[in-house]
Amino acid sequence: MRLATITNWAYGVTVALTLASGATMLIASNAQEEERIAVAQRYMLDRATDTIEQDGLALSDLARKFVVNGNAADLLIFERATRELQSLEARVAKVRDAGASDDELHALRDGLRWVDALRAQQARALAAKKAGDRAAAIDILFSAEYEREIDRSRAAIERFQYRLDQRTAAELRDAEHSARTWRQASEIMLAITGLLFLAVLYFIYRRRVLHPVVKLSDVVARLAAQDYGVEPPRYEQIDEIGDMADALRVFRETGIERLRLEKERDADRRIRDLLSRMTQRMQSCDRTADLVRVVAHFVPEIAPDMRGGLYLFDADRGVMALGCAWQGELASAAEFSPVACWGLRRNAPHSATGSNFDVPCAHLKALADSQCLPLNGQNGLLGLLYLERTEAAMPSLGEQYIHMLAENITLALDNLRLREALHQQAMLDPLTALPNRRQLDDVVARELAMSERDNTALCCAMIDIDHFKRFNDDHGHDAGDAVLRAVGASLARSVREGTLVFRFGGEEFLILFTGMTIDTAKRRADDIRGEIESLAVTHDGRDLGRISVSIGLAAAPLHCPWSKLVQTADAALLRAKQAGRNQVVVAALRKAEHAA
């Protein structure tokens, strides 16, 4: 039998007994109320009759005092008490309202008539006193007849009181007996209800409810603490306890699933946070090498179950070069042609293993569970994100995050390449492809500061194309540009370790020789002058003739302070042009050197 059925039966019987006991308690309460009312009524009647007797005797005493003493104050008190004394019917009505019966009221009226008769004699005595006949007044109030009337009024009131006491005592005894009887009945009904309740507790709830609930409460406590390793007990009986155990099993399974979802959510939030931080760091990079380090640092945290690498497209050689790798050796080659990757060919993610059976890429040295994600920006191919799944039993990164990772890297690379292109446009001379004056100012300031700090020699060569205006005047400005390009290319080819070449402006160029003596720098300058002199430049099929340059050379601190190096070299260039051009002139030594 289900606990609900047992409980309903026990509840019905308990309710019936409770109603019965409640009814008996109400009846007992009513009986007690009747007893209280009887006591209150008797008290009210006693006060009402006691006041009547006291009022009559008080008037007699006041009248006698005035007659004997003749004190006007006693007369005033008597008159005020007389005015306050109610009429016969008013006093009877008051007693009737208090609960007196007709017989009792008849006896009361007899007593009150005698009291009123006393009042008439008191009026006669007071009138005699006022008239000056004190002896007559005393005879009236102290006569035997007056005393008999007082006794008769007292006896009548006592008869009324006796009848009243007899009746109220009987009613009070009946009320007390009724209240006691119903109180005992209600106590018996409550005792029966309590015994039934104890029987239900012991025989049903202790055996069918308490023991299983104690076991289930421990399960509930552990489940509340998210200890889903606990297993709820199984009960074969079909009742609420069994339903509760089934519900706890469902709750446990739901909790396990919720815990799994929470872990996935936390992992998802962690990946999103890492992607966000990685994107912020990549956007802050100024160089490709910095971006590569950021990728190598974050991707192993974002996808710990994958090893991989970031390939960058080398446009000069036309190959994909491995910029960085993580989580071990890759199955992909360090360098390969873009056509060796099907992902780059199709410009779409490519995987040739698992459920995505396809043609494997030619850049794989061995078959692997890999994926190639092309990185294409607004200006074409940027690189390739290559990923391999490891054998470790770890949760795999979702495809949406893999694509998001590739998109973020693509965006950062594209922005970096755009910044590099803008930087090159800002820092390179568009005609000669040499660093321009803006970059020259930064580099010269840096090199001078380093040389002065380390007290090392720094040589500067100022180069000017001789008679450059002749090319523009004789052959046009396009021919002059061709000469500038040819000289710039020759200077760029002459760059060796420790040499920096810039276009200074117009037809002037500047070379910095770091870590060289003045003699070595002069030999290098002569070589450069000879190479330029041997150039053969044509424009529109016409030979532009011989090209020569004048070079002024200075070294700091040999010829000047570091801060005056460019100006000193420029002064040496002026001397070379004055001396006939097509030659190298070294600046004069500092005055301190001559004195030495």
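The values are calculated or read from the model by the stated rules, or taken from the named source; none is laboratory data. Values in this document were obtained by computation on a predicted structure and should not be read as measured data. Cβ coordinates were reconstructed from backbone atoms using ideal geometry, including for glycine residues, and neighbour counts include every protein chain displayed. Protein only, heavy atoms only, side chains kept; ligands, DNA and RNA dropped before computing areas. Shrake-Rupley method; radii C 1.70, N 1.55, O 1.52, S 1.80 Å.
Keeping to region 293-309, report how many residues are touching a residue at least 40 places away in the same chain (Cβ under 8 Å) and among the charged types (D, E, K, R).
Going through region 293-309 one residue at a time, the tally reaches 2.
Which residue pairs have Cβ atoms under 9 Å apart, sit 6 or more places apart or on different chains, and have a first residue in region 271-284 that is more than 10 Å from His297 (Cβ to Cβ) and a second that is in a helix (DSSP H, G or I) and small (Gly, Ala, Ser)?
Thr279/Ala412; Met282/Ala412; Gln283/Ala412
Of (1) within 20 Å of Val584 (Cβ to Cβ); (2) open to solvent by 30 Å² or more (accessible area, probe 1.4 Å), Ser490 satisfies all except one. Which?
(2)
Got at least one residue in region 263-279 being surrounded by 12 or more Cβ atoms within 10 Å (Cβ to Cβ), of a type in the set (S, T, N, Q) and part of a helix (DSSP H, G or I)?
yes
Out of all the residues in region 538-561, is one or more touching a Pro at 6+ places or on another chain (Cβ under 7 Å) and more than 19 Å from Val585 (Cα to Cα)?
Step one: filter region 538-561 for residues touching a Pro at 6+ places or on another chain (Cβ under 7 Å), giving none.
Within region 538-561 (the criterion being touching a Pro at 6+ places or on another chain (Cβ under 7 Å) and more than 19 Å from Val585 (Cα to Cα)), the answer is no, since none of the residues qualifies.
Taking the conditions exactly as written (farther than 20 Å from Gly552 by Cβ and open to solvent by less than 10 Å² (accessible area, probe 1.4 Å)), does Gly480 satisfy them or not?
Values: farther than 20 Å from Gly552 by Cβ: yes; open to solvent by less than 10 Å² (accessible area, probe 1.4 Å): yes.
For Gly480, the condition - farther than 20 Å from Gly552 by Cβ and open to solvent by less than 10 Å² (accessible area, probe 1.4 Å) - is met.
Collect the residues in region 308-351 that are in a loop (DSSP other than H, G, I, E, B), hydrophobic (A, V, I, L, M, F, W, C) and surrounded by fewer than 19 Cβ atoms within 10 Å (Cβ to Cβ), keeping them in residue-number order.
Residues of region 308-351 in a loop (DSSP other than H, G, I, E, B): 315-318, 327-331, 333-334, 337, 341, 347-349, 351.
Now narrow it down to the ones that are hydrophobic (A, V, I, L, M, F, W, C): 315, 330-331, 333-334, 341, 348.
Of everything in region 308-351, those that are in a loop (DSSP other than H, G, I, E, B), hydrophobic (A, V, I, L, M, F, W, C) and surrounded by fewer than 19 Cβ atoms within 10 Å (Cβ to Cβ) turn out to be Ala315, Ala331, Ala333, Ala334, Ala348.
Of all strands (runs of 3 or more DSSP E) completely enclosed by region 482-596, which ones contain at least 1 residues that are of a type outside the set (A, V, I, L, M), in contact with a Phe, Trp or Tyr (Cβ under 6 Å, 6 or more places away or on another chain) and at pLDDT below 90? Show your work before the answer.
On the way: elements: 499-505, 508-514, 549-556, 584-586.
Qualifying strands (runs of 3 or more DSSP E): 499-505.
What residue, among those in region 142-165 that are of a type in the set (A, V, I, L, M, F, W, C) and open to solvent by less than 20 Å² (accessible area, probe 1.4 Å), is farthest from Arg124 (Cα to Cα)? Step through it out loud before you land on a result.
Restricting attention to region 142-165, the residues satisfying the condition of being of a type in the set (A, V, I, L, M, F, W, C) are 142, 144, 150, 155-157, 160, 164.
Of the ones still in play, those that are also open to solvent by less than 20 Å² (accessible area, probe 1.4 Å) are 150, 156-157, 160, 164.
Values: Ile150: 16, Ala156: 24, Ile157: 24, Phe160: 29, Leu164: 34 Å.
Checking each candidate, the answer is Leu164.
Within region 298-307, count every residue that is outside any helix (DSSP H, G or I) and open to solvent by 20 Å² or more (accessible area, probe 1.4 Å).
Counting residues in region 298-307 that are outside any helix (DSSP H, G or I) and open to solvent by 20 Å² or more (accessible area, probe 1.4 Å) gives 2.
The conditions are (1) touching a strand residue (DSSP E or B) at 6+ places or on another chain (Cβ under 9 Å); (2) among the polar types (S, T, N, Q); (3) part of a helix (DSSP H, G or I); (4) open to solvent by 30 Å² or more (accessible area, probe 1.4 Å), and Ser451 fails exactly one of them. Which is it?
In the conditions (1) touching a strand residue (DSSP E or B) at 6+ places or on another chain (Cβ under 9 Å); (2) among the polar types (S, T, N, Q); (3) part of a helix (DSSP H, G or I); (4) open to solvent by 30 Å² or more (accessible area, probe 1.4 Å), Ser451 misses (4) alone.
Restricting attention to region 495-508, which residues are crowded, with 16+ Cβ neighbours inside 10 Å and under 15 Å from Pro435 (Cβ atoms)?
Initially, region 495-508 is screened for residues crowded, with 16+ Cβ neighbours inside 10 Å, giving 499-504, 507-508.
Listed by number, the residues that qualify are Thr499, Leu500, Val501, Phe502, Arg503, Phe504, Glu508.
Can you name the number of the only condition in (1) hydroxyl-bearing (Ser, Thr, Tyr); (2) under 60 Å from the mean Cα position of the chain (by Cα); (3) within 15 Å of Leu510 (Cα to Cα) that Thr568 fails?
Answer for Thr568: the failing condition is (2).
For residues that are touching a Phe, Trp or Tyr at 6+ places or on another chain (Cβ under 8 Å) and either modelled with pLDDT of 80 or more or under 10 Å from Val67 (Cβ atoms) (or both), tally how many sit in region 128-159.
2
Check whether at least one residue in region 394-409 is acidic (Asp, Glu), under 20 Å from Thr288 (Cα atoms), modelled with pLDDT of 85 or more and open to solvent by 70 Å² or more (accessible area, probe 1.4 Å), and report yes or no.
The initial filter retains those residues of region 394-409 that are acidic (Asp, Glu), namely 399, 407.
Cutting the leftovers down to under 20 Å from Thr288 (Cα atoms) gives us 407.
Right, trim to modelled with pLDDT of 85 or more and you get 407.
Next, only the ones that are open to solvent by 70 Å² or more (accessible area, probe 1.4 Å) stay: 407.
Scanning region 394-409, I find at least one residue that is acidic (Asp, Glu), under 20 Å from Thr288 (Cα atoms), modelled with pLDDT of 85 or more and open to solvent by 70 Å² or more (accessible area, probe 1.4 Å), so the answer is yes.
For region 533-570, name all the residues that are open to solvent by 50 Å² or more (accessible area, probe 1.4 Å) and under 30 Å from Leu448 (Cα atoms). Even if it seems obvious, please write down each step before you answer.
We begin by selecting, within region 533-570, every residue open to solvent by 50 Å² or more (accessible area, probe 1.4 Å); these are 533-534, 536, 538, 540-543, 546, 558, 561, 563-564, 567, 570.
Matches in region 533-570: Leu558, Pro561, Ser563, Lys564, Gln567, Asp570.
Select from region 152-195 the residues that are closer than 26 Å to Asn30 by Cβ and within 60 Å of the chain's Cα centre (by Cα) and list them in ascending order.
From region 152-195, those closer than 26 Å to Asn30 by Cβ are 164-194; that's our starting set.
Passing the criteria: Ser186, Glu187, Met189, Leu190, Ala191, Ile192, Thr193, Gly194.
Somewhere in region 386-400, is a residue closer than 24 Å to Arg281 by Cβ and hydroxyl-bearing (Ser, Thr, Tyr)?
Looking through region 386-400, at least one residue is closer than 24 Å to Arg281 by Cβ and hydroxyl-bearing (Ser, Thr, Tyr).
Can you go through Val200, Val250, Val295, Val213 and tell me which one is at pLDDT 75 or above, in a helix (DSSP H, G or I) and surrounded by 12 or more Cβ atoms within 10 Å (Cβ to Cβ)? Show your work before the answer.
Numbers: Val200 fails: at pLDDT 75 or above; Val250 fails: surrounded by 12 or more Cβ atoms within 10 Å (Cβ to Cβ); Val213 fails: at pLDDT 75 or above.
So the residue among Val200, Val250, Val295, Val213 that is at pLDDT 75 or above, in a helix (DSSP H, G or I) and surrounded by 12 or more Cβ atoms within 10 Å (Cβ to Cβ) is Val295.
Would you confirm, using the coordinates I've provided, whether Ala221 is assigned to a helix (DSSP H, G or I), modelled with pLDDT of 75 or more and within 30 Å of Arg260 (Cα to Cα)?
So Ala221 passes the test.
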